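These notes concern the structure reproduced below.
The values are calculated or read from the model by the stated rules, or taken from the named source; none is laboratory data. Computed from a predicted model, the values in this text were never measured in an experiment. Here the Cβ is made from the backbone with ideal geometry for all residues, glycine too, and neighbour counts use every protein chain on show. All accessible areas refer to the heavy atoms of the entire protein, side chains included, with ligands and DNA or RNA removed. Shrake-Rupley method; radii C 1.70, N 1.55, O 1.52, S 1.80 Å.
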Amino acid sequence: MLRKVIRLLPLLVCMLLLFTGCGKEDETGGIVFEKADREEYRAVLYDGREYVPYTAISVSDRGEYLGHIAGDPDDKIYEYKGYSTDQWLISFLDSGLMDGAMLLKEENVTDIPEGLTSEYEWNQREE
């Protein structure tokens, strides 16, 4: 009996490694967000709302993964930690070339968290 267990041990270890995986977590599921090209920017559309670029933000401010832009699974959308997804989203291009993300504001939001200002003149007119 012990000999059978010893012979099967390497097989069990290999199966365990196969099932636990060694690769990157698959995040291509979730919501498929639409995009809209505007004159001065690209907006993200979801559930009847339009989210516009607001300011660059640290990737550490990303909350839970929500989904990706239609047609581009590397263009990912996250929640903004601690804020409602009805008002704020974070866009992150998972290309390995960027170390920042873009905070997106629902176009009608007027209650801006303290310390945030838009980098875009066209967006500042809305504030």
Heavy-atom accessible area of segment 29-72 with neighbours in place, 1.4 angstrom probe: carbon+sulfur share in percent works out to 43
Rounded to 5, the percent of DSSP beta bridges in segment 28-69 classed as antiparallel: 70
Highest mean first, how do 110-117, 87-94, 71-78 rank when packing is the count of other Cβ atoms within 10 Å averaged over residues? 87-94, 71-78, 110-117
Tell me, what does the Kirkwood hydrodynamic radius of segment 47-104 come to in angstroms if you use every pair of distinct C-alpha atoms? 11.4
Rank these by accessible area, largest first, 1.4 Å probe: GLU106, GLU39, GLU119. GLU39, GLU119, GLU106
Taking 20 °C and 1.002 mPa s as the conditions, I'd like the Stokes-Einstein D for segment 75-115 in µm²/s, using the Kirkwood hydrodynamic radius from alpha carbon pairs. 193
